[in-house]
Amino acid sequence: MSKIKFAVVGCGHIGKRHAEMITRNPDAELVALIDIKERPKLGIDAFQVPFYNSLESFLSSDVKTDVVTIATPNGFHAPQAILALNAGNHVVIEKPMALSKSDAEQVIFKALHQSKQVFAVMQNRFSPPSVWLKDIIQKGIMGQIYSVHLNSFWNRDDRYYTVDSWHGKKELDGGTLFTQFSHFIDVMYWLFGDIKNIKSIIRDFNHQHSTEFEDSGVVHFEFVNGGIGNFNFSTSVYDKNLESSITIIAEKGSVKIGGQYMNEVEYCHIKDYEMPTLAPTNPGNDYGAYKGSAQNHHYVIENVVDVLKHQKAISTNALEGMKVVDIIERIYQSAQ
Ligand SMILES: NC(=O)c1ccc[n+]([C@@H]2O[C@H](COP(=O)([O-])OP(=O)(O)OC[C@H]3O[C@@H](n4cnc5c(N)ncnc54)[C@H](O)[C@@H]3O)[C@@H](O)[C@H]2O)c1
């Protein structure tokens with residue numbers, strides 16, 4: 001069978017990672033790169049493929065592609081996904097899928113209309129602690145879930161929110177829940193389902209000069225499936241990331257996963273259960289002084305190939321991508 005052809009739009013930190021992982025996958029082929037910046041400024045010399053300065057010019061070229069990967073600033077995800085779907089491509093959309101539920105719905109509508117697939121990128125799901133936790137929750141090993149507590153305490157200061165960056169701009173970034181913390185909301189939704197009765201307080205403590213939105217918040221809610229939860233987040237931590245953790249208190253035991261990006265099982269005590277040894281988690285994406293979420297993008301490319309060639313299930317489908325956007329939107333609304 002022929003290789004799956006990918007074009008990547010947005011050749012920054014994450015677009016280059018996608019390009020690299022596509023070229024490493026024997027069933028995938030990188031056919032084009034697209035960015036509004038000039039090619040020499042992007043550090044993409046390693047990729048000997050045609051380059052375009054806009055998605056529109058690529059889509060009107062005669063380069064054939066199966067999948068367009070969207071790795072541009074958040075505010076472009078939905079409109080660019082719709083353009084790419086309209087031209088007959090499947091799309092991989094970096095997180096978040098969109099900056100509003102209604103935009104995500106339009107992407108899904110277009111995909112259904114065109115009979116094309118939408119792959120949302122939530123690569124933290126592939127980390128060994130997440131895979132293990134999903135398995136024990138699904139098997140009911142912890143019994144009834146009483147409460148779930150998420151803490152995401154990171155540092156994003158002036159080294160990150162530079163004047164010329166899209167980060168910090170409401171229209172392109174959307175807020176810290178979209179850009180920094182959507183992976184953790186995704187993991188919570190993936191494990192425990194939707195939430196309701198959301199109450200949140202959000203504040204901007206020390207980013208008034210650098211962002212157009214909050215840096216900290218406390219949120220509490222109920223799970224539709226039963227149980228209660230809270231989510232505390234901040235980008236105001238001094239100098240470096242402190243933690244990202246999830247603590248689960250359930251009928252038959254308790255678990256805490258921590259580390260900077262939920263990469264270590266810190267506590268597991270469950271009745272009649274012995275914790276297996278987990279493979280180490282891949283390190284976080286490196287942003288100079290910053291660490292982001294896990295370097296698991298190769299799994300995303302593998303999943304695209306598996307779905308398009310072998311009819312496997314999408315690891316994070318469009319509906320799940322939309323639900324994360326919906327939950328974030330409702331958290332922000334409840335703080336108003
Ligand atoms: N999955 C993850 O762990 C993860 C980690 C970091 C970033 N991301 C997501 O990836 C996306 C990109 O983030 P980044 O850190 O690579 O940003 P970045 O600023 O490093 O790169 C963005 C690139 O997009 C280009 N661009 C901007 N507007 C464009 C347009 N209209 N058309 C084509 N190119 C355009 C920019 O010139 C830049 O090269 C964001 O949505 C972000 O949320 C995901």
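Tilt of helix 13-24 relative to the longest C-alpha principal axis of the chain, in degrees (0 to 90, nearest 10)?
Value to nearest ten degrees: 70.
Under 15 Å from the 7 Å Cα→Cβ point of Gln144, by amide nitrogen: which residues of region 251-271?
Of the residues in region 251-271, 251-253 have backbone N under 15 Å from the label point off Gln144.
Counting only C-alpha contacts under 8 Å and six or more residues apart, can you give the relative contact order of the chain as a whole percent?
Rounded, it is 19 percent for the chain.
Rg and Dmax of region 42-198, Cα atoms, in Å?
18.4, 56
Report the extension gain between Ser54 and Gln336 in nm, rounded to one decimal, defined as 0.36 nm multiplied by the number of residues separating them, less their alpha carbon distance. Mind dumping the intermediate values first?
On the way: separation 282, 0.36 × 282 = 101.52 nm, distance 3.67 nm.
Extra length available between Ser54 and Gln336 comes to 97.8 nm.
As a test of the formula, what do you get for the chain when each DSSP H run with n ≥ 4 contributes -39,500 (n - 2.57) and the sum is divided by the residue count, at 222 nm and rounded to the nearest 500 deg cm²/dmol?
Theoretical 222 nm ellipticity from helices: -9000 deg cm²/dmol.
Calculate, in nm to one decimal, what Asp164 and Arg39 gain on full extension: separation in residues at 0.36 nm each, minus their alpha carbon distance.
Length difference between fully extended and current span is 43.2 nm.
Need one word for region 43-92: rounded, prolate or oblate. Basis is the Cα gyration tensor (sqrt eigenvalues a ≥ b ≥ c); a/c below 1.5 gives rounded, then a/b vs b/c decides. Intermediate values should be presented prior to the final figure.
Numbers: a/c = 1.81, a/b = 1.24, b/c = 1.46.
Since a/c reaches 1.5 but b/c is at least a/b, the shape of region 43-92 is classed as oblate.
Which one of Ile70, Ile137, Ala32 has its Cα pushed farthest toward the positive end of the charge dipole of the chain, where Lys and Arg give +1 and Asp and Glu give -1 at the Cβ?
Ile137
Treating only the Cβ of Lys, Arg, Asp and Glu as charged (+1, +1, -1, -1), what charge dipole size does the chain show about its Cα centre? Round to the nearest 20 debye.
Roughly 440 debye for the chain.
Please work out the C-alpha center-to-center distance from region 72-102 to region 233-278 and express it in whole Å.
32 Å
If you average 1/r over all unlike Cα pairs in the chain and invert the result, what Kirkwood radius do you get in angstrom?
Numbers: mean 1/r = 0.0487 Å⁻¹.
One decimal place: 20.6 Å for the Kirkwood radius.
How much length is gained on full extension from Glu171 to His269, taking 0.36 nm per residue of separation minus their Cα-Cα distance? Please list the in-between numbers first.
Details: separation 98, 0.36 × 98 = 35.28 nm, distance 4.40 nm.
Gain in length upon complete extension: 30.9 nm.
Within the chain, what's the longest run with no GluC sites (Glu not before Pro) in a DSSP loop and at most 16 other beta-carbon atoms within 10 Å? Give the range, please.
Longest site-free region, per DSSP loop and neighbour criteria: 39-170.
Averaging the inverse of every distinct alpha carbon separation and then flipping it gives the Kirkwood radius. What is it for region 125-293, in angstrom units?
On the way: mean 1/r = 0.0595 Å⁻¹.
So the Kirkwood estimate lands at 16.8 Å.
Given charges of +1 on the Cβ of Lys and Arg and -1 on the Cβ of Asp and Glu, with all other atoms neutral, how large is the dipole of region 171-284 about its Cα centre, in debye to the nearest 20?
Charge dipole of region 171-284: 340 debye, to the nearest 20.
With just the Cα atoms of region 4-120, tell me how far they stretch along each of the three principal axes, in Å, largest first.
Cα extents, longest axis first: 38, 25, 25 Å.
Restricting to the chain, compute how many DSSP beta bridges are antiparallel as a %, nearest 5.
60 percent
For the pair Ile228/Ser115, report the inter-label distance in nm, with labels modelled 7 Å from Cα in the Cβ direction.
5.0 nm
Where a number appears in this text, it was derived from the coordinates with a stated rule and is not lab data. Keep in mind it's a predicted model, so treat the numbers as computed, not measured. Cβ coordinates were reconstructed from backbone atoms using ideal geometry, including for glycine residues, and neighbour counts include every protein chain displayed.
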